[in-house]
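Working notes, beginning with the structure itself.
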Amino acid sequence: MPLLLALDVGLSPVLAERATFAPSQTPRLSTTLHAGGDGFSGTMRWQITHLGRVVDGPHVVPVDLDPQTSVEMQFLPEQLPVGDRGFLCEVVLRDDQGVELHHTSGAFEVAEDWTRFPRYGYLTQFNKPADAVALLRPLRDGLINVVQVYDWMDEHHRPWRVGYDYWQDIAARDPWVSRSKLLEVIDVGQDFGMASMAYNLMYGAYENYQSTSPIEPSWGLYRSGGVQDAHPLNIPGWETQSLALFDPGHVGWQDWIAARTAEAFAAMPFDGWHIDTLGDRGAVFDDAGQSIDLAASYTDFLAAMRSALPGQDFSVNAVGDFGGPDLRDQDAWDVAYYELWDHPDQDDYADLRSFLSTHHSASDVAPVVAGYVNYDLAQQYNGQTPGQFNHTSVLLAQSAVLANGGWLVSRGDGSAMLCNEYFPNRNLQASADLLGDVDRFHHFAVAYENLLRDGVQEGSGSVAFGDASVPTSTDGEAGAVWTFRTTCEGDECANRYDVVHLVDLRRASDSRWRDPAGVAQSQPVLVDQTIQIEFTGPWSESRLWFAAPEWQGGQAVMLDATVSGNHVSATVPFLEHWGMVWIEYRTQPGTCGCPSDLNEDGFVGFSDVLEVVASWGPCLGCLADVNNDGVVEFADLLQVLADYGDCF
């Protein structure tokens, strides 16, 4: 790692103009350069990488700044590989002597649809004074591409009273919900590349539904004694003290709630419906005493809603995985959303891995997890005198979910974070440092989403990590570095990718991944630790890479690999909370990722320049024909010289 001189100059993180760019859009990225009392004269070098390989650049631009000034530098990547992908923009600042002073980075995504790699956040503020930009911009900067608009509705069974511009939500919060503010939230979200999903329960109504609507009790869910099932709230001051529950498979209920939802969506153009459920209700019946398979009714309900509400996206919260097997089997949802926070079989790190592996093996739909980190700790505080999230707990939870191919719902309402199933709860606050670290993990997850979430499956093979002083575990044991493997299909550059994840659970005092009591503790960073990985070969032209969200801005580096039999060894330079080592399986040499690296040694140097000179002239298919125009000439030489240095 080059020495960075502590001069009076700095770069902000690279931020994208949108959380997701459509393939037809040119990504717009920016960083702000600040000069101190001495001003600045030098160069800025930027490039775009995908899984470590350079796909655009490097580009070098001169920069001159007067003392105590700043300038926003914008980057417009072009010629990106097609497909739904995550990228990393890497920026290096050098002085006029070529000495590296500062580096920064930031991820961005190009995808056809946000549901491909959903990155959930949430909003709970839509009253008239609310500032939509202030609430959404920090989420966009963290690359959240969809928000759950929580408790926006008037009543569960009638989310919008037709013609009304203001209403109270279920908690009777003041100021009231404003329809014009909801419209603004939706518009700002669209500008930021963020979808807005309207929250509502699949099968609930206020307890007084019979006096306020024509809903029939015969549509309901019933207990064995003939009493309609209800979800108790019992919170003084709320508009209802319980929610009457209905059969999601009953046509009468389906027609009613679809029509009311269509009315609301016509007045407020949400991108879709985030459908909540209440998990396993035990034995339930219809009004005639016939047993109802509640879990199986979810897919029937969803099919009816798709028919009644065409063009909308649907996510379904399969609480504790109740209803999940049927939804996965039919891939009935656009987003698989799981609330995992109060079930002994989904509590530990190993449970989480097993659960997400089961999902990936049965469904191609990307999973999202809500888990409420530090839940018990939050019960000791209140919104007037809040406590603080345990920094380490949050980052370990992020590491565990992201490394296993999920997305952890955490950030919302600008600077808020989730600690409770009631999203407006503010019993715990996140420090500015923690918010920055969560954003860093989000950017890392986007940059490497094609390794983490693109057809990922459970991997196999032995892994040995660290020296004798480093405890390790393969089952998520607290007090040890957790090693496990995932695998995914290749692309135009590789036959396959095998990923080894390293999650430092030496920091965990509790094997429960949500760390309810907030007892996780920091530990010294591990540096220069050996790793030995079993591979399935042939090794041939394969490569070994490393990246971590807290190291060098998430940039990937190619490791010096030593192959012996069916094992490959290397040195892992850094591990704080989470790092990845991955094998890029190649069976043929090629210049994928860096055409100027003609001899494929990861460095554009004098030997590559000599190859261009030796191949000068017409040369169809030559490696030295960098721009593939059939002739090796000055354009190719200039590109090789521009790429001089490390280039993968």
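Prolate is the label for the chain, because a/c, from the alpha-carbon gyration tensor with a ≥ b ≥ c as root eigenvalues, is 1.5 or above and a/b exceeds b/c. For region 182-316, the carbon plus sulfur part of the accessible surface works out to 50%, probe radius 1.4 Å. Which one of Q521, L352, T104 is farthest out on the positive end of the charge dipole of the chain, using unit charges on Cβ (Lys, Arg +1; Asp, Glu -1) and the Cα centre as origin? My answer, from the dipole projection, is Q521. Each residue of region 380-391 was assigned a 3J(HN,Hα) from its phi angle through the Karplus curve 6.51 cos²θ - 1.76 cosθ + 1.60 (θ = phi - 60°); the sequence is 7, 10, 9, x, 7, 10, x, x, 10, 4, 6, 4 Hz, with glycine and proline shown as x. DSSP bridge analysis restricted to the chain gives an antiparallel fraction near 75%, rounded to the nearest 5.
Split the accessible area of region 1-103 by element, probe 1.4 Å, and carbon with sulfur accounts for 50%. Taking a ≥ b ≥ c as the square roots of the eigenvalues of the Cα gyration tensor, an a/c ratio of 1.5 or more together with a/b no larger than b/c marks region 269-347 as oblate. Helix 179-191: angle to the longest alpha-carbon principal axis of the chain, degrees 0 to 90, nearest 10? It works out to around 20 degrees. Is the shape of region 44-134 rounded, prolate or oblate, going by the alpha carbon gyration tensor and its root eigenvalues a ≥ b ≥ c, with a/c under 1.5 for rounded and a/b larger than b/c for prolate? Oblate is the answer for region 44-134, as a/c is 1.5 or above yet b/c matches or exceeds a/b.
Binning all Cα-Cα separations of region 264-415 at 10 Å, short to long from zero, yields these whole-percent fractions: 9, 34, 32, 20, 5, 0. Summing Cβ point charges (Lys, Arg +1; Asp, Glu -1) relative to the Cα centre of the chain gives a dipole of roughly 1020 debye. Peptides 129-139, 513-523, 434-444 ranked from most to least packed give 434-444, 513-523, 129-139, packing being the mean of other C-beta atoms within 10 angstrom over each peptide's residues. Normalised per residue, the accessible area of region 271-326 is 36 Å², obtained with a 1.4 Å probe and no contribution from ligands, DNA or RNA.
Within region 190-291, what percent of beta bridges assigned by DSSP are antiparallel, to the nearest 5?
Numbers: 10 of 15 bridges.
Restricted to region 190-291, the bridges split so that about 65 percent are antiparallel.
For region 85-168, the solvent-accessible area works out to 30 Å² per residue, with a probe of 1.4 Å and every protein chain left in place.
On the beta carbon distance between V99 and L638, with R0 = 25 Å, the FRET formula returns roughly 0.55. What FRET efficiency would be calculated for the residue pair E216, D364, taking the C-beta separation as r and a Förster radius of 56 Å, to the nearest 0.05? Using R0 = 56 Å, I get an efficiency of 0.90. Local charge for V63 was computed over the other residues whose Cβ lies under 13 Å away, with Lys and Arg +1 and Asp and Glu -1, and equals -3.
Coupling constants for region 285-292 follow from the phi torsions by the Karplus curve (6.51 cos²θ - 1.76 cosθ + 1.60, θ = phi - 60°), and in residue order they are 9, 8, 5, 9, x, 7, 5, 10 Hz; glycine and proline get x.
Computed from Cα positions, the angle between helix 251-267 and the longest principal axis of the chain comes to roughly 60 degrees. Against the chain, whose longest principal axis comes from its Cα atoms, helix 294-308 is set at around 80 degrees. Annotation for region 482-557: GluC sites (Glu not before Pro) lying in DSSP loop with at most 16 further Cβ atoms inside 10 Å of their Cβ are E492, E541.
The values are calculated or read from the model by the stated rules, or taken from the named source; none is laboratory data. All values reported here derive from a predicted model rather than from experimental measurement. Note that we place each Cβ from the backbone using ideal geometry, even for glycine, and neighbour counts take in every protein chain shown. In case anyone asks, the SASA skips ligands and DNA or RNA and just uses the protein heavy atoms, side chains included. Shrake-Rupley method; radii C 1.70, N 1.55, O 1.52, S 1.80 Å.
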